[in-house]
Amino acid sequence: MQVTEIIFLINAAFLVLFSLAVVVIKNPVRATFMLILSFLPTTAIYFFLHAPFVGILQILVYAGAILVLFTFVVMMVNPAPGDGEISPDGAKRLPRSRIAAVGIVLLLGGVLLSVVLSISFPAIASVPAEFGGLRAIGTMIFKNPSENPYIFSFELLSFLVLAGIIAAVSIARGREHHRHGPGKPQ
Amino acid sequence: MSVFSLQTCLILSSLLILIGCYGIIIRRSLLLIFLSVEIVLNGVHVALVAFNYFRWSGLEAGHYIYMLSIGVAAVEAAVGLSMIILIFKNSGTILSDALTKLGEDKEENK
């Protein structure tokens, strides 16, 4: 076994470990930070797969933007440690639901892993040196705008983000502005 | 058989998806269910990038779908978290067991 393979396996093990920690840890703030931590080995695996741009996006967009949003909401809602646990008051109900969860996951895992292990993938020519770089991806998306299938969905995504911003602001505001609005006597 | 292969990456992504599903089932807080959904998404992203590398056919389509997917995930996180904040403002809790009503209480809405 080569050194790179060992490093790859260590990263994969850390990824699974941190993800498990997100699921089983009791403190919600710690769970969020564990998710941020789990993105570091993910980025390393993307670099192994010759996808440096994707790895940088993972850190910038996911860990930098989305998870910071999560952290703010966790601080705002401020759940007590153990709030995320399954039925803290009824201790009798705890093992049953956990057994059900493990059963469902085992069923799903049996299907997934049997499919993955049974299919044999033929070897294919290795990728060129510029694979996964910014130039290759940018050329793929923006080349030949009139007959490129990618650019349309890429531009549509910006409209989706705009709709998301408007929806998030108007939902999070709630009914407050009606209640304390100028039209009503206070 | 080499360790660094498509099958290893797919097993890794399956494990991540399973861990996320376990979290979705077992957690009670809406926020932590949301975090588990992010783990499932992470597993799918690993599978996308791995397929693109090991089954390369001339395009970085997997990377492109990854970019689309994190865009959608960002919008989903923004809208979902604002809904969680609204639910917390209205009912004072985000535990999925305690949330049995979809609307607001009529008496409090004066």
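The values are calculated or read from the model by the stated rules, or taken from the named source; none is laboratory data. Fair warning: this is a prediction, and the values are worked out from it, not measured in the lab. Please note: Cβ atoms are built from the backbone with ideal geometry, for glycine as well, and neighbour counts cover all protein chains shown. These area figures cover heavy atoms from the full protein model, side chains too; ligands, DNA and RNA do not enter into them. Shrake-Rupley method; radii C 1.70, N 1.55, O 1.52, S 1.80 Å.
Do the sum for the protein assembly as shown: with -39,500 (n - 2.57) for every DSSP H run of n ≥ 4, divided by all residues, what is the mean residue ellipticity at 222 nm, to the nearest 500 deg cm²/dmol?
So the calculated ellipticity at 222 nm is -23000 deg cm²/dmol.
So for the pair A:Val3, B:Ser57, with labels modelled 7 Å out along Cα→Cβ, what separation do we get in nm?
It is 3.7 nm.
In nm, give the distance between the simple-model label positions of B:Leu86 and A:Val111, each being 7 Å from the Cα along the Cα-to-Cβ direction.
3.3
Please provide three numbers in whole Å: the alpha-carbon extents of region B:6-98 along the principal axes, with the largest listed first.
52, 24, 9
Counting only C-alpha contacts under 8 Å and six or more residues apart, can you give the relative contact order of region B:13-97 as a whole percent?
The normalised contact order for region B:13-97 reaches 31 percent.
Given R₀ = 35 Å, what would the calculated FRET efficiency be for A:Ile59 paired with A:Ala100, taking r from the Cβ atoms and rounding to 0.05?
Result of the calculation: an efficiency of 0.45.
Evaluate the charge dipole of region B:6-98 about its Cα centre and quote only its size in Debye, nearest 20, assuming +1 on the Cβ of each Lys and Arg and -1 on the Cβ of each Asp and Glu.
140
Which residue, chosen from B:Gly92, B:Leu31, A:Gly133, occupies the Cα position most advanced towards the positive end of the dipole of the protein assembly as shown, where the dipole is computed from +1 (Lys, Arg) and -1 (Asp, Glu) charges on Cβ about the Cα centre?
So the residue furthest toward the plus end is B:Gly92.
Give the Kirkwood hydrodynamic radius (Å, one decimal) of the protein assembly as shown, defined as one over the mean of 1/r across all pairs of different Cα atoms.
Over the protein assembly as shown, the inverse of the mean reciprocal pair distance is 21.1 Å.
By how many degrees, between 0 and 90 and to the nearest 10, does the Cα long axis of helix B:30-54 differ from the longest principal axis of chain B?
Its long axis makes an angle of about 20 degrees.
Rounded to a whole number, what % of the accessible area of region A:1-71 do carbon and sulfur atoms account for, probe 1.4 Å?
81
Given charges of +1 on the Cβ of Lys and Arg and -1 on the Cβ of Asp and Glu, with all other atoms neutral, how large is the dipole of the protein assembly as shown about its Cα centre, in debye to the nearest 20?
The dipole of the protein assembly as shown has a size of about 680 debye.
At a 1.4 Å probe radius, carbon and sulfur cover how many percent of the accessible area of chain B?
Summing carbon and sulfur atoms, their accessible area is 68 percent of the total for chain B.
Taking chain B as a Gaussian network, where each spring joins two C-alpha atoms under 10 Å apart, which residue of B:Phe34, B:Phe51, B:Phe88 fluctuates the most?
B:Phe88
Any idea how far apart A:Leu162 and A:Lys143 come out in nm if each label point goes 7 Å out from Cα toward Cβ?
A separation of 2.9 nm, rounded to one decimal place.
Using per-residue counts of other Cβ atoms within 10 Å, averaged over each peptide, order A:40-46, A:139-145 from highest down.
Ranked by mean Cβ neighbours within 10 Å, highest first: A:40-46, A:139-145.
Distance from a point 7 Å along Cα→Cβ of A:Arg135 to each backbone N in region A:42-57: keep the residues under 19 Å and list them by number.
The answer is A:50-56.
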